[in-house]
Amino acid sequence: MKKRAFFILALIMVLPLAGLGCKGPSDQEKAATAPVILEYWTVFDDVDALQAQIEKYKAERPYLTINLKQLRLDELYPRLLEALSEDRGPDIISVRNRFMNFYKSKLASMPESVSDTTVLVEKTNFNTKTTITTVKQSLPSLTQVDKEYVQAVGKDVVMDGKIYGLPLSLDNLALYYNKDLLDRAGIAEAPKNWDDFQKAVKKLSKFDKNFTKILQSGAAIGTGNNIPGFDDLLYILFKQSNISFVNKTGQAVFNNPGGNQANPAMSVMNFYTDFANSERDTYTWNEDMDNALDKFVNGSLAFFFGYSYHLSVIKARAPQLNFTILPMLQLNPEQPINVANYWVQAVVDKSKHKNESWGLVGYLTHSKATKDYLDQSNRPSALRMYISGQLENIELYPFASQSLIADSWYKGKDYDTTVKALKDMTHEWLLPPPQVGRELDWKQEVLNRATAKINQTL
C-alpha cells in the first residue's frame, strides 16, 4: 500500500509540472518534426565511427530514425536493385568512386540547400522548454567542391554539372613493410625508390632447396588475382613512366605505341611481371600464392602495397607484427603519383526523404562531424583543411601526404570488367608467346585486347 500511495503521489506531482510554461507546437512545427525513417546502407568496416556521428545528428533531430546497415561489397548492388524494385529503400548508400557512373541513374543530384529542423529541449526544476527551429542549410556548391576537397573528388562526384555525393575520407596506396624481416636480411633502411626496392626484394626472397617453392616473399607484386589493389599499382607505374593509362574521356590508351619505337607500356609490364617470373632474379611472387594481405599478416611477406583501411585490419589480426608504412615509391620524386580510392555518400533517387537524406550527408561530409569521424576512424581526409593536421599522425602521414596528388582514373560503368581485363593482361604477360620470334607482336596483342575490353565498359 505504501508503494502504491507513493506512485500516485509522484504522478500527481509530475503532471502539473510537465505543463508549466509549455506551448503546443504550431501546425508548421508539427509538419517539420513529423517522424522520418532513413535507411543508410554502407560497406564501411568502421561503422562504429560513422554511427557515433549519426547519433550526434539525431540528438537535435529526435523525429529522425536512422538505420545504418553494413553490407558486403558484393551484395550492395543486388540488394539495392531488389529493394528499389519493391519500392522500399534505401535512402542513402556508400558508392565506391570507381562505380559512380555505374550508379548514376539510381542517384539523386545534390540540391543547393535543405530545410533543416532542430529540436532543443531545455529542462529546469520546474519547467521544460522546447524550441523548434527550421533553417535553410546550404550544401557545398560546385565551386566549394573544387576548392575545399582534394582534386580527385570533383572528378568523381560531379557529373553533367551536378554533384551526386560527397566522401567522408579519401584513401591512396602506400608501402607497408615488415621491419623484422628487413632487419634479418641486413637491410638497414627501407627502399627510397624502385631501384632500392628491387635490390631489397632479392635479399628478402627465400626458396626451398629445389627453388620450386617460395618460403618468404620480398613483395606482393607481379600478378593480379591475389594482390588487393593491383590495378591501382599498375596505373601508378604507368603514370610514373609518363605513359597515359587513360585519356581525358576515360578511354584506355596504354596500348598505343610511341612513334616507331616499341611500345613503352611493354617496359612497365615487364617490370611489374618480372617479380612473378621465375626466370628473373627479382622473382618473389606467383599466382598460386595466398592473398597478399594474408601473407603480410602471417609474417611471410616483407613488402605490401596497401591502403589506410588495411591498417586496422593488420593490427586486429596481427597485433604483434612489427611493421611501418611509407609513402608510395616514386620514379620521379619531383612529380609524385598516386591513385584515389574512396567511398562517396550518395542519396538514392527513389528516396521519399531526399531533404532529410541530403541534410545528413552534408552534416557527415562537410562539418565538424567530418573531423570527428576522421579522428575516430583514423582515415585520411578528403577535405583540404584537415590534411595538415593529419601529417602529424605517424600512421596517417604516408596517406595524408599523398592526398593532394592522388588521382582517379576509371570513368566507365563496369569497373569489375575492367579489373578482370587487367588481370587477364597480367596473366597472359607471364605466358610464353604462342609462336617463337613473335614476342613483341604477342605482347602488343595482349595490350590491345585489354584496352578494347576496358573501353567497352565506357
Legend entry - Scattering curve values for the range 104-144, log₁₀ I(q)/I(0), Debye with Cα scatterers, q = 0.22, 0.23, 0.32, 0.35 Å⁻¹: -0.80, -0.83, -1.03, -1.09
Inset, instruction - Taking all pairs of distinct Cα atoms, average 1/r, flip it, and tell me the Kirkwood hydrodynamic radius of the range 354-413 in Å to one decimal place. - result: 12.9
Legend entry - DSSP-defined antiparallel bridges as percent of all bridges, the chain, nearest 5: 75
Legend entry - Sorted by Cβ density within 10 Å, fewest first, the residues ARG98, ARG72: ARG72, ARG98
Legend entry - Cα extents of the range 68-117 along the three principal axes, largest first (Å): 34, 25, 20
Legend entry - Space enclosed by the convex hull of the alpha-carbon atoms of the range 268-381, per residue, Å³: 203
Legend entry - Relative pair counts by distance (%), Cα atoms of the range 373-458, 5 Å bins: 3, 13, 16, 11, 8, 10, 12, 11, 8, 4, 2, 1
Legend entry - Leading residue at positive end of dipole, the range 16-165 (Cβ point charges), from LEU38, MET100, ILE132: ILE132
Legend entry - Dipole of the chain, positive direction: furthest Cα of PRO25, GLY359, VAL253, with charges on the beta-carbon: PRO25
Legend entry - Cα centroid separation - the range 274-337 against the range 379-458, whole Å: 16
Legend entry - In Å, descending, principal axis extents of the Cα set of the range 156-268: 59, 46, 26
Inset, instruction - Please state the charge dipole magnitude for the chain, taken about the Cα centre, from unit charges on C-beta atoms (+1 on K and R, -1 on D and E), reported in debye and rounded to the nearest 20. - result: 1220
Legend entry - Built amide H within the under 5 Å cut-off of ILE66, gap 5+: LEU38
Inset, instruction - Using only the C-alpha atoms of the range 46-174, find the volume of their convex hull and express it per residue in Å³. - result: 169
Legend entry - the range 315-451 - Rg over Rh from alpha carbon coordinates, Kirkwood radius: 1.10
Legend entry - Estimated translational D of the chain in µm²/s (Stokes, Kirkwood radius over Cα pairs; 20 °C; 1.002 mPa s): 86
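Values quoted throughout were computed directly from the atomic coordinates according to the rules given, and no laboratory measurement underlies them. The structure displayed is predicted, hence computed values, not measured ones. For neighbour counting, all protein chains shown are included, and Cβ atoms are generated from backbone atoms with ideal geometry for every residue, glycine included.
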